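Engineer: The structure under discussion is supplied below as structure tokens; questions concerning it will follow.
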Amino acid sequence: MPDHRRKRRGRGRRRAQLRRFADEISIRHRPPEIAERRTFGAWECDLIQFRKEFGGTNLTSLVERVSRFTVLMKNADRRSRPVMDGLIVSLPPLSAHARSSITFDRGLELLAWPNLQAGFGAATWFCDPQAPWQKGTVENTNGRMRRWLPREVDPKSLTTRQINDIWHQLNSTPRKCLGYRTPVEVLSEKLVKGDATLT
């Protein structure tokens, strides 16, 4: 009897994966004033991961590019919709001009980005594949937070108070790049100038 096994394909001939991130949301189209830090309200987002044996629990880190103000949130897993929902809950207290855009990498946990845009209308931009350095502000901030959050920490054991203490301490530390002001001081100044308030 003939063997009806599926015909093998060469590696170079495999079907291309569906485009998950359209070209129009590539970081290459992001306005230059964001890259030059001339626009307040442009954020960068990433996930802080821990050792595999701790499961999928992780933290979302969110950093505003001008002030370096940081927000940290805990996620039960890496599913995209809950990660986006956490951002939708965290950012709306800021006025629209203070949350105008967010830059991500191309992780699968970020596929639900259309829900983020629908949630509060921030523009979304995505780094090129395998180019995390294109969102260097949040990458640098994650490195700073590893002081308190090494990979050996079980993230499930972290309480909301402990997480809040970490990002409050980070935001209260003077930074040379801010003229030795703190991120919270710069954020407050920008909010006042824009007639925006935190609730």
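The values are calculated or read from the model by the stated rules, or taken from the named source; none is laboratory data. What you see is a predicted model; the values in this text were computed from it and never measured. Reconstructed Cβ throughout: ideal geometry from the backbone, glycine too, with neighbour counts over all protein chains shown.
Engineer: Read through the list (1) crowded, with 16+ Cβ neighbours inside 10 Å; (2) at pLDDT below 80; (3) in contact with a Leu (Cβ under 6 Å, 6 or more places away or on another chain), then give the number of the only condition that Leu110 fails.
Structural biologist: The number of the failed condition is (3).
Engineer: Another one. Within the stretch 68-88, can one find any residue that is small (Gly, Ala, Ser) and assigned to a loop (DSSP other than H, G, I, E, B)?
Structural biologist: The answer is yes; a qualifying residue exists.
Engineer: Search the stretch 1-55 for residues being of a type in the set (A, V, I, L, M, F, W, C) and at pLDDT below 90, and hand back the single one that is surrounded by the fewest Cβ atoms within 10 Å (Cβ to Cβ).
Structural biologist: Met1
Engineer: A further question follows. Can you tell me which residues in the stretch 45-70 are without any contact (Cβ under 8 Å) to a residue 40 or more places away in the chain and over 21 Å from Ala131 (Cα atoms)?
Structural biologist: Lys52, Glu53, Gly56, listed by residue number.
Engineer: Please go through the stretch 89-102 and give me each residue that is in a loop (DSSP other than H, G, I, E, B) and either small (Gly, Ala, Ser) or surrounded by fewer than 16 Cβ atoms within 10 Å (Cβ to Cβ) (or both), ordered by number.
Structural biologist: Pro92, Pro93, Ser95, Ser100
Engineer: For the stretch 123-146, give me each residue that is farther than 19 Å from Glu36 by Cα and either part of a helix (DSSP H, G or I) or modelled with pLDDT under 95 (or both).
Structural biologist: Pro129, Gln130, Asn142, Gly143, Arg144, Met145
Engineer: Another one. Looking at the stretch 178-195 only, could you name the residues that are under 22 Å from Leu91 (Cβ atoms) and assigned to a loop (DSSP other than H, G, I, E, B)?
Structural biologist: Listed by number, the residues that qualify are Thr182, Gly194, Asp195.
Engineer: Sort out which residues of the stretch 149-177 are in contact (Cβ under 8 Å) with a residue 12 or more places away in the chain, outside any helix (DSSP H, G or I) and out of contact with any Phe, Trp or Tyr (no Cβ under 7 Å at 6 or more places or on another chain), and write them in order of number.
Structural biologist: Across the stretch 149-177, the qualifying residues are Leu149, Glu152, Leu158, Ser172, Arg175.
Engineer: Oh, and also: Could you please find all residues in the stretch 68-100 being in contact with a Gly (Cβ under 7 Å, 6 or more places away or on another chain) and under 15 Å from Glu44 (Cβ atoms)?
Structural biologist: Selection gives Met73, Ala98, Arg99, Ser100.
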